[in-house]
1. Mind listing just one residue for me: the one in the range 24-42 that is basic (Lys, Arg) and out of contact with any Asp or Glu (no Cβ under 6 Å at 6 or more places or on another chain) and, of those, nearest to ALA78 (Cα to Cα)?
2. All but one of (1) at pLDDT below 95; (2) of a type in the set (S, T, N, Q); (3) surrounded by 11 or more Cβ atoms within 10 Å (Cβ to Cβ) hold for ASN70, so report the exception by its number.
3. Does GLU50 satisfy the condition of being at pLDDT 95 or above, of a type in the set (D, E, K, R) and touching a Lys or Arg at 6+ places or on another chain (Cβ under 6 Å)?
Amino acid sequence: MIEERRQNRRPIGVSREDIARFDRALSGLRYPVEKWQLIAHAEQTAHGPEAADLRTIEQLWALPAGRYRNFDQVLAGAARTARGHPRRAGGA
């Protein structure tokens with residue numbers, strides 16, 4: 001029950017779509033990992049139905065350098081760098 005509630009919270013500045021794309025791009029990754037490992041894993045999944053798109057790769061590059069213990073830390077890092085993310089298509 002606690003875990004379920006935690007998953008329903010999302011960091012401010014990270015959209016549900018971003019979370020879904022991070023989840024697809026980082027699927028199968030074992031934590032803890034360094035930032036470069038996140039990027040390398042996502043780039044390796046750049047083809048096929050679970051492909052990481054350019055926006056996701058750019059968001060991973062914008063993350064603070066360091067070691068990420070779990071997916072929640074990746075999302076927290078993404079929230080801290082939300083201003084550095086590329087603009088959304090059609091967004092203001």
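1. Of all residues in the range 24-42, those basic (Lys, Arg) come to 24, 30, 35.
Right, trim to out of contact with any Asp or Glu (no Cβ under 6 Å at 6 or more places or on another chain) and you get 30, 35.
Working: ARG30: 18, LYS35: 12 Å.
That would be LYS35.
2. (1)
3. Working: at pLDDT 95 or above: no; of a type in the set (D, E, K, R): yes; touching a Lys or Arg at 6+ places or on another chain (Cβ under 6 Å): yes.
No, not satisfied.
The values are calculated or read from the model by the stated rules, or taken from the named source; none is laboratory data. Remember, it's a predicted structure, so these values are computed and weren't measured experimentally. Note that each Cβ is placed from the backbone with ideal geometry, even for glycine, and that neighbours are counted across all protein chains shown.
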